[in-house]
Amino acid sequence: MNYAPLLEPIYQFLHCRTPQAWIDEARKPENLTLLLTDHMVCELKAAQTAVFIIRKYVADKPSGDAILAWLKPYEDFIYRDEQDGNFINAHKNLTKSIIVRNELPWADDLVEMMVLLVKEELHHFYQVWEIMQSRGLPYRKITASRYAKGLIREIRTYEPEALVDKLICGAYIEARSCERFASLAPYLDEQLEKFYISLLRSEARHYQDYLKLAQQISPKDIAPRVQVFGETEARLISEPDGELRFHSGVPAVWCA
């Protein structure tokens, strides 16, 4: 299938492409466990962000508590050494009607988008873990990259601008994920190539949904803020980095 029409808007949105040095290092077999582990954790973090936004901005407390419980089996696995790895039953229970506590004109759209995103990200989490299990790759805790923290520093502290910035930030993370899947896939074995290609469509839709919702909520044109985050994101991807992660830049040791 020709994915060029799907990827072209991503390439135009991002301010830079993934450096070849990152691809060269990420494709090495000895780094596979690290990359898959970080990918899995990133899927959980994306779901956590969506749950946070639902709970903070629109859901009543019972609905917020219920959707927070969706994350518990995954968080127990990643953070609390409760590694039973049985996410099938947990994923089947991701059903709950979110009761919106306010009459904001965008509240229902936010809930619809974020609930779908949570379900998809947790499904991707499970898919990555299945691949790791099939290859006998263990899960071990790793440190977070500087990438998300670098973007979060740009978020304003007052509303609704803070929410708008969070959504733009999310758009860049999803767009970069899509670009990296496409960049790395041709260098991987058939199973992983097929898996990463299968993720392109959902990641591309996620970034577009984030931007659409950000503009819907913002009282102003979001283009200047999109530019700010785009420049920051490109710098994080292009500059030397101290470690290899799925969204890392070029580690300093490669640039020596």
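The values are calculated or read from the model by the stated rules, or taken from the named source; none is laboratory data. Please read these numbers as outputs of a predicted model, since none were measured by experiment. Quick reminder, even Gly has a Cβ in these numbers, built from the backbone with ideal geometry, and neighbours come from all protein chains shown. When the accessible area is computed, the model is the full protein with side chains, heavy atoms only, and any ligands, DNA or RNA have been set aside. Shrake-Rupley method; radii C 1.70, N 1.55, O 1.52, S 1.80 Å.
Over all other residues within a Cβ to Cβ distance under 14 Å of Glu103, the charged ones net out to -2, with Lys and Arg as +1 and Asp and Glu as -1.
For Val250, nonlocal amide neighbours, meaning residues 5 or more places apart or on other chains whose placed amide H falls under 5 Å from its own, are Glu239, Asp241.
Per-residue ellipticity at 222 nm from helix content only, as computed over the chain with -39500 (n - 2.57) for each DSSP H run of at least four residues, stands at -21500 deg cm²/dmol. Taking the charge dipole of the chain about its Cα centre, with +1 at Lys and Arg Cβ atoms and -1 at Asp and Glu Cβ atoms, the residue from Leu6, Thr18, Ala59 reaching farthest to the positive side is Ala59. I'd like to know which of Leu163, Ile237, Gln133 lies farthest towards the positive end of the charge dipole of the chain, counting +1 on Cβ of Lys and Arg and -1 on Cβ of Asp and Glu. Among Leu163, Ile237, Gln133, the one farthest towards the positive end of the dipole of the chain is Leu163. What the chain shows is 48 Å² of accessible area per residue, with the surface traced by a 1.4 Å probe over protein heavy atoms. Taking 7 Å steps out from each Cα toward its Cβ at Phe52 and Leu68 produces label points 1.4 nm apart. Using 0.36 nm per residue of separation minus the Cα-Cα distance, give me the extension gain between Glu75 and Leu137 in nm, one decimal. Here the segment from Glu75 to Leu137 would lengthen by 20.4 nm. Basic side chains Lys and Arg get +1 at the Cβ, acidic Asp and Glu get -1 at the Cβ, and with that the dipole of region 1-81 about its Cα centre reaches some 240 debye.
Atom-type composition of the exposed protein surface of region 162-256 places 54 percent of the accessible area on carbon and sulfur (1.4 angstrom probe).
Helices of the chain meeting both criteria, an alpha-carbon length of 27 angstrom or more along the long axis and an average Kyte-Doolittle score not below 0.5, with helices taken as full DSSP H segments, are 32-57.
Considering only Leu192, Val41, Leu104, the residue lying farthest towards the positive end of the dipole of the chain is Leu104, judged by Cα position with unit charges set on Cβ. Give the cross-link partners of Lys61 among the lysines, using a straight C-alpha distance below 21 Å as the criterion and excluding same-chain residues fewer than 8 apart. Cross-link targets: Lys72, Lys96, Lys119.
The residues packed around Pro240, meaning those with a beta-carbon under 14 Å from its beta-carbon, carry a net charge of -1 if Lys and Arg are +1 and Asp and Glu are -1. Rg/Rh for the chain stands at 0.95; both radii use Cα atoms, and Rh follows the Kirkwood definition. Put a plus charge on the Cβ of each Lys and Arg, a minus charge on the Cβ of each Asp and Glu, and nothing anywhere else: the dipole of the chain about its Cα centre is then about 280 debye. Our summary gives region 97-242 a relative contact order of 28 percent, counting only alpha carbon pairs under 8 angstrom and 6 or more residues apart.
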